[in-house]
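Here the structure comes first, spelled out in structure tokens, and everything after it is commentary.
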Amino acid sequence: MKLKQAIELDRKDSLKKYKSHFLNSKKEIYLNGNSLGKLPIKSIKNIRKTIDYEWGNRLVRSWNEKWLDLSDSLEKKLAIILGVTKREVKIGDSTSLNLYQIVFSLLKSNLYKKNLISDSFNFPSDNYILEGLSSNFNIKKPTIINYSQNISAEINLIEKTIKKSPGILCLSLVSYKSGWMYPMKALNDCAKKNNSIIVWDLSHAVGVTHIDLKKTNTLTAVGCSYKFLNGGPGAPGFLFVDYSIQSKLENPIKGWFGHKLPFKFSDKYEAANNINKFDIGTPGMLSIVAMEGGIDIITKATTKSIRKKSISQSEYFISLIKQKLDSYNINIESPDDPLNRGSHITISHPESWKICRALAKGNQKIPKIICDFRPDKYIRFGISPLYTSYKDLYQTVNALNEILKNKSYKKIRKEKTKVT
């Protein structure tokens, strides 16, 4: 494959106009949207207006003039991306805190047996939350399903575990290492047949895959907004609770904004009788304002179109890796089938950390390429179709070829940075 083909694919790309909606650097290629998405131009304008006018001029009056309604407005937009109704989505706090609230409320509800289940592909902090809750409820530690390899989950093992030990599961829709994407509906249906429920972590999937929580019979989910939703560093998380079970769940954290009438300042707590019961404290308005730009771009582009381009680009990227890097001890650690794969591609090499840093450093022959390292030998390349071009992917494989051929990675120090 030649550069000419990449340029032609970019020319035909129906989503190419959206790249200009982000702050871009001409001197680097950014393939790390699976960790932190790029900054939307609209978010810069929104934040400046919030700081200069709403906070700087209007001060506390902005709560009534805009801020109190902004979360509702964003939740309506996010609901479209998730394929649900606004009354089932809540934006705020972090993914971990939202997961804690949902699993705690499920355990306390007695709707399901108190068997907590996860797998080795799940994001580690999700499993930390489950382990902590097992201690809080004085129940056995979570069952962690392990697989025979590190790329694809063995669905039969999950189904077997559900049938043997019905309860509450937590799974990532797209795994953070290999990018494996789970068959959501099939597993939800299996859970329902066995009086179990799955809390899905959508963090590595939302904004870049087409999600329809209703069609997949999903009852609960959490996720973050700073990856493919481009909400900014530390942007609020979100949770989804299907309307059919909301009345049966109780938020373990009785916070001010979860009250039915928070500004009544009652001495007695009375939970809101809707999704607002999962609110806790005062929303962080600067972070919520920053979220809007990325969500607006995604709703305009549509997740179906984004997913279509994601598959096309990941297939192109993998074919280039196989063609040009086959002789360099590089292994592809993501699923072959694009329908079982999210939007990041993982490769491995014994010197992955050094190669990752060599890419970020760049040189006179190759641009700086930002990706990330995951222990103990993995490099992840996040494909964000709203701003990733085919030319970016072509140049990345060429850069890898240059680094591996000349072994320039050997000049990189072994010491790792705090954030890898």
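See the values below:
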{"read-out": "Largest-first ellipsoid semi-axes for the chain, taking √(5λ) over the Cα gyration tensor eigenvalues, angstrom", "value": "37, 28, 18"}
{"read-out": "Cβ-based exposure ranking for Ser314, Ser175, Ser408, in which fewest neighbours within 10 Å come first", "value": "Ser408, Ser314, Ser175"}
{"read-out": "For region 314-340 versus region 136-200, the gap between their alpha-carbon centres in whole angstrom", "value": "27"}
{"read-out": "Restricting region 111-220 to trypsin sites (Lys or Arg not before Pro) in coil, as DSSP defines it, with at most 13 other Cβ within 10 Å", "value": "Lys140, Lys214, Lys215"}
{"read-out": "Spacing of the two label points (7 Å from each Cα toward its C-beta) at Glu8 and Lys416, in nm", "value": "4.2"}
{"read-out": "Calculated [θ] (222 nm, deg cm²/dmol) that DSSP helices of n ≥ 4 give over the chain, each run adding -39,500 (n - 2.57)", "value": "-11500 deg cm²/dmol"}
{"read-out": "Gain on full stretching of the segment that runs from Trp63 to Lys141 - 0.36 nm per residue minus C-alpha separation", "value": "23.7 nm"}
{"read-out": "Kyte-Doolittle at least -1.0, axis length at least 20 Å by Cα - qualifying DSSP helices, the chain", "value": "68-82, 95-109, 285-301, 303-324, 390-406"}
{"read-out": "Sparse-neighbour loop sites [trypsin sites (Lys or Arg not before Pro); region 19-111; at most 14 other C-beta within 10 Å; DSSP]", "value": "Lys26, Lys27"}
{"read-out": "Cα-based reach from Lys361 at 20 Å (exclusive), listing lysines while leaving out same-chain residues under 8 positions away", "value": "Lys26, Lys27, Lys38, Lys377, Lys391, Lys405, Lys407, Lys410, Lys411, Lys414, Lys416, Lys418"}
{"read-out": "Cα centroid separation - region 341-368 against region 110-133, whole Å", "value": "33"}
{"read-out": "Proxy reagent accessibility, fewest Cβ within 10 Å first, across Ile197, Ile80, Ile151", "value": "Ile80, Ile151, Ile197"}
{"read-out": "Neighbour-count order for Val241, Val289, fewest beta carbons within 10 angstrom listed first", "value": "Val289, Val241"}
{"read-out": "In region 359-388, trypsin sites (Lys or Arg not before Pro) in a DSSP loop with at most 14 other beta-carbon atoms within 10 Å", "value": "Lys365"}
{"read-out": "Nearest-20 debye value, the chain charge dipole, Cβ charges on Lys, Arg, Asp, Glu", "value": "1020"}
{"read-out": "Cα gyration tensor shape of region 110-247, rounded if a/c is under 1.5, else prolate or oblate by comparing a/b with b/c", "value": "rounded"}
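Every read-out reported here was derived from the displayed coordinates using simple, explicitly stated rules and does not represent laboratory data. It should be emphasised that the depicted structure is a prediction, and the values quoted were computed from it without experimental measurement. We place every Cβ from the backbone using ideal geometry, glycine too, and count neighbours over all the protein chains shown.
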